[in-house]
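The structure that follows is given in the form of structure tokens.
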Amino acid sequence: MAKILVVDDDPAVQLTIQLLLERAGHSVDVAGDGRKGLAKFEAGEFAPSTPSGSFAQKALLEFLTLAQWADATLIDGDLGRNSETAIVLEKFTQKYQEKLVLANDAADYFINPNSTILDREETLLVLNFAQLQKLAMYSKHTTAFTTAQDLMHFISALRELASLHEAHIAVQHLDNVITAVGDRISATKLTAESPIQTTKLAAHAAVWWLQHPNKPYESITTAALAIAG
């Protein structure tokens with residue numbers, strides 16, 4: 001879901017566009033002319049977009065401006081599929097040096113053969129199983145992740161992957177949240193009443209890690225325990 005600002009002097013056009021975007025799941029704000037639109041743009045957290053609604057390359061400056069005061073940034077959600085958005089996110093992760101948590105659709109942008117996200121320091125990837133499989137494949141990891149793996153073999157393979165790279169990883173497997181920070185591994189059992197919520201786990205982990213900046217393993221594991229109830 002995106003937050004989109006619509007600027008048009010025709011109320012009928014405004015309403016039509018607003019309804020279409022809201023039906024697609026977006027949050028919409030409207031302005032009746034350029035002056036009002038510029039005021040809302042400057043007061044809100046909008047960034048330049050492509051005609052399809054994805055982030056344009058000019059959005060990079062907005063990203064960096066908003067993030068410069070933050071000691072940690074969480075990027076999570078439906079960002080669409082657009083090459084310009086991919087460039088914005090890639091450049092942002094290169095220029096932004098603080099803690100970064102990626103989850104859901106945002107993580108997908110960094111799961112490709114050319115990505116260096118695994119070797120970025122101060123990074124947490126909150127992944128689902130399919131994302132982990134692709135990440136391992138593209139990084140040419142020697143041990144594959146399969147649904148047939150029991151918990152101990154899965155943990156061993158994840159420890160091996162995490163110990164070779166800088167990024168931390170949290171992923172669900174066999175009703176557990178597995179956290180990997182270097183060669184340190186934790187497994188938190190989920191109950192039927194507490195299914196994994198990737199966004200919730202990412203948010204909890206970002207907050208705990210922000211509060212305990214030198215203890216990523218303890219922070220992410222505590223986040224997993226919190227959502228497991």
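The values are calculated or read from the model by the stated rules, or taken from the named source; none is laboratory data. From a predicted model like this one, the values you see are computed outputs, not experimental measurements. Virtual Cβ from ideal backbone geometry, glycine too; neighbours counted across all protein chains shown.
Between a residue in region 122-141 that is closer than 17 Å to residue 201 by Cα and any residue that is among the polar types (S, T, N, Q) and in a helix (DSSP H, G or I), which pairs come within a Cβ distance under 6 Å, given they are 6 or more apart or on different chains?
126/198
Of all residues in region 206-222, which are modelled with pLDDT under 95 and among the aromatic types (Phe, Trp, Tyr)?
Residues satisfying the conditions are 208, 209.
Of the residues 106, 167, only one is surrounded by 19 or more Cβ atoms within 10 Å (Cβ to Cβ), closer than 21 Å to residue 216 by Cα and modelled with pLDDT under 95; which? Walk me through how you get there before you give the answer.
Numbers: 167 fails: modelled with pLDDT under 95.
Of 106, 167, the one residue that is surrounded by 19 or more Cβ atoms within 10 Å (Cβ to Cβ), closer than 21 Å to residue 216 by Cα and modelled with pLDDT under 95 is 106.
Also, quick follow-up: Please report, ordered by residue number, the helices (runs of 4 or more DSSP H) entirely within region 1-103 with at least 2 residues that are at pLDDT 70 or above and more than 30 Å from residue 201 (Cβ to Cβ).
Details: elements: 11-23, 34-43, 59-67, 83-95.
Answer list for region 1-103: 11-23.
Next up: Is there any pair linking a residue in region 212-229 that is touching a residue at least 60 places away in the same chain (Cβ under 8 Å) to one that is in a helix (DSSP H, G or I), with Cβ under 8 Å and at least six apart or on different chains, and which?
216/209; 220/205; 220/208; 220/209
Listed here are the residues, each with its yes/no results for (1) of a type outside the set (Gly, Ala, Ser); (2) under 21 Å from residue 122 (Cα atoms); (3) touching an Asp or Glu at 6+ places or on another chain (Cβ under 8 Å); (4) at pLDDT below 95.
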| position | (1), (2), (3), (4) |
| --- | --- |
| 144 | no, no, no, yes |
| 158 | yes, yes, no, no |
| 182 | no, yes, no, no |
| 188 | yes, no, no, yes |
| 199 | yes, yes, yes, yes |
| 226 | no, no, no, yes |
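Within the set of pairs 6+ apart or on separate chains, which have a first residue in region 146-159 that is more than 11 Å from residue 183 (Cα to Cα), a second that is of a type outside the set (S, T, N, Q), and C-beta atoms under 6 Å apart?
Matching pairs, first to second residue: 151/174; 154/173.
Limited to region 142-179, what total is found for residues that are within 22 Å of the chain's Cα centre (by Cα) and over 22 Å from residue 225 (Cβ atoms)?
Going residue by residue through region 142-179, those that are within 22 Å of the chain's Cα centre (by Cα) are 145, 158-159, 161-173, 175-179.
Still in the running and over 22 Å from residue 225 (Cβ atoms): 145, 161, 163-166.
Residues meeting the conditions: 6.
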